[in-house]
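Peer 1: First the structure, which I've put down as structure tokens, then a few questions once you've had a look.
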Amino acid sequence: MDELGPTVVVTPCPHALLINLPEATPMQDQPLSRDISQQHLEVSRRYFMHLGTAGFAAMGYPSLLRAQDADRNILEETIADLEYLTHHKEFELVERGKPLPYKLPPEKRLAIGMERESWKLDVIADRETNARVDNPLSREKGTALDFKGLLKLAGKRPTRFLKVMTCNNMATPLGMGLWEGVPLREAIWAARPSANIRRVFYYGHHNEDPEQIFRSSLPIGRVLEDPPGDHPVILCYKLNGEWLGGKNGGPVRMIVPEAYGVKSVKWLKTVVLTNAPAANDTYASGNNDIDSWMKTMCRFIHKPTKVKAGSPIPLTGLAQVGVGGLGKVQVWIKPQQDGEWPKDDPYFTKAPWQDAAILPPPEKWGGGLPGGKLPPDVRFFTAEGKPTHWPMRYTIAHWATLLKGMVPGKYDIYCRTIDNGGNAQPMPRPFRKSGRNNIEGSLITIEG
């Protein structure tokens, strides 16, 4: 990093994170939820605790050894409450509908099918096209799929997978969950479709008000067959091992693994098989790319704004792992005295980026799971509950690095991801309408 001067060092060696980390600094354009921020702090501390004190001795940091000893009790308490999954009560929400269905009185929710006892799903043909369905599941005919029928489709091995819920127009994820349900195709095959079907339209309950209807759609091919390495689209009824509550879209919602939240419609009631060639998604009217896959990106979580010279500076963050996977997280420190970056390199591709450490998966997953342990048969996990690869697409990963030897002054710091194809954030899709993944910058002042 010659451009930054010989006294500035960025290293992926993370041992100094055993000192007290600074309080979370809010995002510039979208605050992180308290739950995600706290979970990240706990994951980081637990990982670095595993590194032990040997690393400190090797690095010659006796003062940090004393700090670690003094903080051991606090760290052990934090380890006991480690979280990776977001508790269902802590998910951030993007909601539509007035009033919201789950806020209606219990007797009204029961009457409109927003309780498990009364929920029903139509799987029918689109009457405006020549789509053919030989055994429609229909409230009108008394053949709609009910909740007991849904669980029967799940059988003894329901579909379970990890997925981060995220919005294409927001800078940070809404929450990280273990979702459980039945592949949508099972319900579709039960309706016996036979001809002229190109897309699946689906709708949530929004008070029987046409102006409040929230809808989305998928190509029939995506529903019937999963791309290699992807999860199925599911009719979801559990989150983190608990029945899906109304706040999170229950009793049943759609979960589309690779997509932003706009595809995972809440309070699901109707599936329509159609020969229409075009999407009907609500969000299309907002100038959004409705078929965008999740993007890979990273954000800061814990970063100081003012530090005394000579103090090591821990930086930690969260990476959203999109369809391209996650190969690296990198940071760049730019002294403000160096002036503006050349305008012909808006994504800082020629900057002296250096690698941060991507943390491994947690041993306890949290999120309200008993003992913090995952249930059996989670997709892409071994029988012992270990992920077959890490980081996993469509999840989150935590990262950290340490800045040392920085002289007094003001610095802009940036973070970015490199996906498994070698694409540096925000490439290969830098346009906001298909999902936020701009490079985040922040300011650190080193005081003499």
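Peer 1: Please find, within region 154-167, the residue that is modelled with the highest pLDDT out of those that are of a type in the set (Lys, Arg) and open to solvent by 10 Å² or more (accessible area, probe 1.4 Å).
Peer 2: That would be 160.
Peer 1: Applying the selection to region 175-234, what residues are under 15 Å from residue 136 (Cα atoms), assigned to a strand (DSSP E or B) and β-branched (Val, Ile, Thr)?
Peer 2: 200
Peer 1: Would you mind telling me which numbered condition in (1) over 19 Å from residue 175 (Cβ atoms); (2) within 21 Å of the chain's Cα centre (by Cα); (3) open to solvent by 20 Å² or more (accessible area, probe 1.4 Å); (4) touching a residue at least 40 places away in the same chain (Cβ under 8 Å) residue 226 fails?
Peer 2: (4)
Peer 1: Counting only residues that are more than 13 Å from the chain's Cα centre (by Cα) and outside any strand (DSSP E or B), which one in region 311-324 is surrounded by the fewest Cβ atoms within 10 Å (Cβ to Cβ)?
Peer 2: 311
Peer 1: Identify the residue in region 116-153 that is in a strand (DSSP E or B) and among the basic types (Lys, Arg) and, among all such residues, is least open to solvent (accessible area, probe 1.4 Å).
Peer 2: Result: 120.
Peer 1: Let me confirm something: among 295, 308, 269, which residue is of a type in the set (Lys, Arg), surrounded by fewer than 23 Cβ atoms within 10 Å (Cβ to Cβ) and under 26 Å from the mean Cα position of the chain (by Cα)?
Peer 2: 269
Peer 1: Quick one: in region 91-115, which of the residues that are touching a strand residue (DSSP E or B) at 6+ places or on another chain (Cβ under 7 Å) and over 22 Å from residue 141 (Cβ atoms) is surrounded by the most Cβ atoms within 10 Å (Cβ to Cβ)?
Peer 2: 91
Peer 1: Is it true that some residue in region 252-267 is more than 16 Å from residue 215 (Cα to Cα), modelled with pLDDT of 95 or more and among the basic types (Lys, Arg)?
Peer 2: No.
Peer 1: Also: In this structure, is residue 170 touching a helix residue (DSSP H, G or I) at 6+ places or on another chain (Cβ under 6 Å) and part of a loop (DSSP other than H, G, I, E, B)?
Peer 2: So residue 170 does not fit the description; no.
Peer 1: Give just the number: which of (1) among the hydrophobic types (A, V, I, L, M, F, W, C); (2) within 16 Å of the chain's Cα centre (by Cα); (3) open to solvent by less than 20 Å² (accessible area, probe 1.4 Å) does residue 170 not satisfy?
Peer 2: The failed condition is (3).
Peer 1: Moving on to the next point. Does region 396-409 include one or more residues that are aromatic (Phe, Trp, Tyr), within 18 Å of the chain's Cα centre (by Cα) and under 30 Å from residue 156 (Cβ atoms)?
Peer 2: Looking for residues that are aromatic (Phe, Trp, Tyr), within 18 Å of the chain's Cα centre (by Cα) and under 30 Å from residue 156 (Cβ atoms), one finds none in region 396-409, hence no.
Peer 1: Suppose we keep only residues that are surrounded by fewer than 19 Cβ atoms within 10 Å (Cβ to Cβ) and in contact (Cβ under 8 Å) with a residue 60 or more places away in the chain within region 184-200. Which one would you say is farthest from residue 279 (Cα to Cα)?
Peer 2: Selected residue: 190.
Peer 1: Still on this structure, I have one more. Output the residues belonging to region 233-251 that are touching a residue at least 60 places away in the same chain (Cβ under 8 Å) and in contact with a helix residue (DSSP H, G or I) (Cβ under 7 Å, 6 or more places away or on another chain).
Peer 2: 234, 235, 237, 239, 240, 242, 245, 246, 247, 248, 251
The values are calculated or read from the model by the stated rules, or taken from the named source; none is laboratory data. On a predicted model such as this, the values are computed, not experimentally measured, just so you know. Cβ atoms come from the backbone with ideal geometry, glycine included; neighbour counts cover every protein chain shown. We work out accessible area using only protein heavy atoms, side chains counted, and drop any ligands, DNA or RNA first. Shrake-Rupley method; radii C 1.70, N 1.55, O 1.52, S 1.80 Å.
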